[in-house]
Protein chains: 2
Amino acid sequence: MERTVKLVLAYDGAAYQGWQRQPDRPTVQGAVEAAIQAVTRVRSPVHGSGRTDAGVHAIGQVCHFRTACGLPAETLVRALNANLPDDVAVRAATDAPADFHARYSAVRKTYFYQAYVDPHRDPLRRRRALHLRRPPDLAAMRKAAAHLVGRHDFRSFATEAPPDLDTVRTMHALRVVRIPGGFRIFATSNGFLQHMVRSIAGCLLRVGTGRDDASEAARILAARDRREAPAALPAHALFLWRVDY
Amino acid sequence: MERTVKLVLAYDGAAYQGWQRQPDRPTVQGAVEAAIQAVTRVRSPVHGSGRTDAGVHAIGQVCHFRTACGLPAETLVRALNANLPDDVAVRAATDAPADFHARYSAVRKTYFYQAYVDPHRDPLRRRRALHLRRPPDLAAMRKAAAHLVGRHDFRSFATEAPPDLDTVRTMHALRVVRIPGGFRIFATSNGFLQHMVRSIAGCLLRVGTGRDDASEAARILAARDRREAPAALPAHALFLWRVDY
């Protein structure tokens, strides 16, 4: 009798070629599948809520797998963690309805991109946040962000989007939040295109540092052309924060 | 005409054999001296406020050096940071009186040891905090800490203290502070013996987890014998926070 197990995962993405399994390269999906096989003695494919890119971290990535293993969920967490490398961990496991699918059942996902502001670089924050020497204008960034909330074609903010790919997504919220020593950009959407959060963060930051006017976000969006958007910001400051079902 | 420059340093200690220069092994002192030589073209010995052990981090380590280099302090910060590895940085530079000495002028130093409390390990906090599955009794830890405040012989909490070493220190404050998701033990003293903070943290934690009574701290202190104290906790959760002059 098979069951469907839902896992919430956290990982430090630095050492991984992203989520998706690849031959001969370390990926988070590969690490989780290896741990499940070690615990259950059966190879079970793991389905994530979506791919995270190389170097991107997760606090609440969600995945599921089907198994005949009868271990209670809490025992499964400990057994999997004992078989995962120290930069990946299961934070929670629950039994889910048989038709639950980490990707197709997801209603919305939230990422945040974080930066610290300091005249000089800080070695203790270097792996988790972008370094800015001067504080950006958060009010201007919020004004720019407002142009991107709602249902739009986000093609300008996507890399490797073939012409026939549907690039319309609904951005439920795009918030710029001050945190001690810096800020975070929280993006909540029903789905994200490749590099979308990092491209949007790059666009907002150009506004925040005064290089672009807030209306530039609207212009880039309307262009539906990748060449109009700034380059994606570095991966090490991006976190998949949560997935809602 | 030589000047005395005081530097405030931050570092991620993971890759270093501690502060003190050693032949053929990476140390923070060695990295700072190499950067100074690269900038000033002269080899200048650097004096730290004290040694930090292998793996220990710093937010506010202080050191000084003497140089004939005429660069303004702020320019020196940028030039040194451009020549330091990414896990070490100068956070501030100031001209100090000629007789300033990072070690001998120091009045007190503050370290903190931090832990996070979570039923399951967290990959994103693994390099900076000790993992505890259950919340310890912070009130009991504070009761134990009170026994260690004041002027005492801390020999029990020191490793490698030869019999003729003066192991009397004044603990100005020993505070257990709740932080989001965990706690920190702040220790302020006029000087620290080897492994002293990590041994004290180990002692307090045994009290917090109910293995020892709070009075055990007083008993260990009075014994003046290293064999009476618990082992030092791991280095990766210890931070040299600030040095006061």
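The values are calculated or read from the model by the stated rules, or taken from the named source; none is laboratory data. From a predicted model like this one, the values you see are computed outputs, not experimental measurements. FYI the Cβ positions are ideal-geometry reconstructions off the backbone, even for glycines, and counts take in every protein chain you see.
In the stretch B:33-47, which residues are aliphatic (A, V, I, L, M) and either surrounded by 20 or more Cβ atoms within 10 Å (Cβ to Cβ) or assigned to a helix (DSSP H, G or I) (or both)?
B:Ala34, B:Ala35, B:Ile36, B:Ala38, B:Val39, B:Val46 - these are the residues of the stretch B:33-47 that are aliphatic (A, V, I, L, M) and either surrounded by 20 or more Cβ atoms within 10 Å (Cβ to Cβ) or assigned to a helix (DSSP H, G or I) (or both).
List, please: which pairs have Cβ atoms under 9 Å, are six or more places apart or on different chains, and start with a residue in the stretch B:157-169 that is in a loop (DSSP other than H, G, I, E, B) and end with one that is β-branched (Val, Ile, Thr) and modelled with pLDDT of 90 or more?
Close Cβ pairs satisfying both conditions: B:Ala158/B:Thr167; B:Ala161/B:Thr167.
Would you tally the residues in the stretch B:67-102 being among the hydroxyl-bearing types (Ser, Thr, Tyr) and either surrounded by 16 or more Cβ atoms within 10 Å (Cβ to Cβ) or on the phi > 0 side of the Ramachandran plot (or both)?
1
Kindly provide the set of residues from the stretch B:226-244 that are among the aliphatic types (A, V, I, L, M) and part of a strand (DSSP E or B), ordered by number.
Of everything in the stretch B:226-244, those that are among the aliphatic types (A, V, I, L, M) and part of a strand (DSSP E or B) turn out to be B:Leu238, B:Leu240, B:Val243.
Within the stretch A:48-73, track down each residue that is part of a strand (DSSP E or B) and within 14 Å of chain B (Cβ to nearest Cβ).
Of everything in the stretch A:48-73, those that are part of a strand (DSSP E or B) and within 14 Å of chain B (Cβ to nearest Cβ) turn out to be A:His57, A:Ala58, A:Ile59, A:Gly60, A:Gln61.
Among (1) at the interface with chain A (Cβ under 9 Å from one of its Cβ atoms); (2) of a type outside the set (D, E, K, R); (3) over 28 Å from B:Gly182 (Cα atoms); (4) in a loop (DSSP other than H, G, I, E, B), there is one condition B:Val77 misses while meeting the rest; what is its number?
Result: B:Val77 passes all but (4).
Just to be sure, is A:Asp137 acidic (Asp, Glu) and either touching a Ser or Thr at 6+ places or on another chain (Cβ under 6 Å) or in contact (Cβ under 8 Å) with a residue 40 or more places away in the chain (or both)?
Against the criterion (acidic (Asp, Glu) and either touching a Ser or Thr at 6+ places or on another chain (Cβ under 6 Å) or in contact (Cβ under 8 Å) with a residue 40 or more places away in the chain (or both)), A:Asp137 qualifies.
Could you tell me whether any residue of the stretch A:161-171 is among the basic types (Lys, Arg), closer than 30 Å to B:Ile59 by Cβ and touching a Phe, Trp or Tyr at 6+ places or on another chain (Cβ under 7 Å)?
no
Could you check B:Met1 against (1) hydrophobic (A, V, I, L, M, F, W, C); (2) closer than 17 Å to A:Leu124 by Cβ; (3) surrounded by fewer than 16 Cβ atoms within 10 Å (Cβ to Cβ) and say which number it fails?
Going through (1) hydrophobic (A, V, I, L, M, F, W, C); (2) closer than 17 Å to A:Leu124 by Cβ; (3) surrounded by fewer than 16 Cβ atoms within 10 Å (Cβ to Cβ) one by one, B:Met1 breaks only (2).
So, A:Asp53, is that one surrounded by 15 or more Cβ atoms within 10 Å (Cβ to Cβ), in contact (Cβ under 8 Å) with a residue 60 or more places away in the chain, of a type in the set (Asp, Glu) and not assigned by TED's automatic domain parsing to the domain that holds A:Thr170 or not?
Answer is yes for this residue.
For B:Pro123, which of the numbered conditions (1) under 20 Å from the mean Cα position of the chain (by Cα); (2) within 20 Å of B:Ala235 (Cβ to Cβ) fails to hold?
In the conditions (1) under 20 Å from the mean Cα position of the chain (by Cα); (2) within 20 Å of B:Ala235 (Cβ to Cβ), B:Pro123 misses (1) alone.
Is there any pair with a first residue in the stretch A:62-88 that is basic (Lys, Arg) and a second that is at pLDDT below 95 whose Cβ atoms are under 8 Å apart and which are 6 or more apart or on different chains, and what are they?
A:Arg66/A:Glu2
Quick check on my filter: what residues within the stretch A:162-192 are among the aliphatic types (A, V, I, L, M) and either closer than 17 Å to A:Cys203 by Cα or buried (at least 20 other Cβ atoms within 10 Å of the Cβ) (or both)?
Scanning the stretch A:162-192 gives A:Met171, A:Ala173, A:Leu174, A:Val176, A:Val177, A:Ile185, A:Ala187.
Run down B:Ala229, B:Ala237 and say which single residue is farther than 19 Å from B:Pro135 by Cα, outside the structural domain of B:Val8 (by TED's automatic domain parsing) and of a type in the set (A, V, I, L, M).
The unique qualifying residue is B:Ala229.
Could you please find all residues in the stretch B:1-24 being in a loop (DSSP other than H, G, I, E, B), farther than 21 Å from B:Ser105 by Cβ and either under 16 Å from the mean Cα position of the chain (by Cα) or within 14 Å of chain A (Cβ to nearest Cβ) (or both)?
B:Asp12, B:Tyr16, B:Gln17, B:Gly18 - these are the residues of the stretch B:1-24 that are in a loop (DSSP other than H, G, I, E, B), farther than 21 Å from B:Ser105 by Cβ and either under 16 Å from the mean Cα position of the chain (by Cα) or within 14 Å of chain A (Cβ to nearest Cβ) (or both).
Can A:Gly30 be described as within 21 Å of A:His236 (Cα to Cα) and more than 14 Å from chain B (Cβ to nearest Cβ)?
yes
Every residue in the stretch B:188-202 that is in a helix (DSSP H, G or I) and within 15 Å of B:Asp225 (Cα to Cα), please.
B:Met196, B:Ser199, B:Ile200
Is there any pair linking a residue in the stretch B:200-219 that is at negative phi to one that is surrounded by fewer than 19 Cβ atoms within 10 Å (Cβ to Cβ) and assigned to a loop (DSSP other than H, G, I, E, B), with Cβ under 8 Å and at least six apart or on different chains, and which?
Listed pairs, sorted by first residue: B:Gly202/B:Ala231; B:Val207/B:Asp137; B:Val207/B:Asp213; B:Gly208/B:Asp137; B:Thr209/B:Arg134; B:Thr209/B:Asp137.
Which one is farthest from A:Ala92 (Cα to Cα), of the residues in the stretch B:94-124 that are touching an Asp or Glu at 6+ places or on another chain (Cβ under 8 Å), assigned to a loop (DSSP other than H, G, I, E, B) and within 14 Å of chain A (Cβ to nearest Cβ)?
Taking the candidates together, the pick is B:Leu124.
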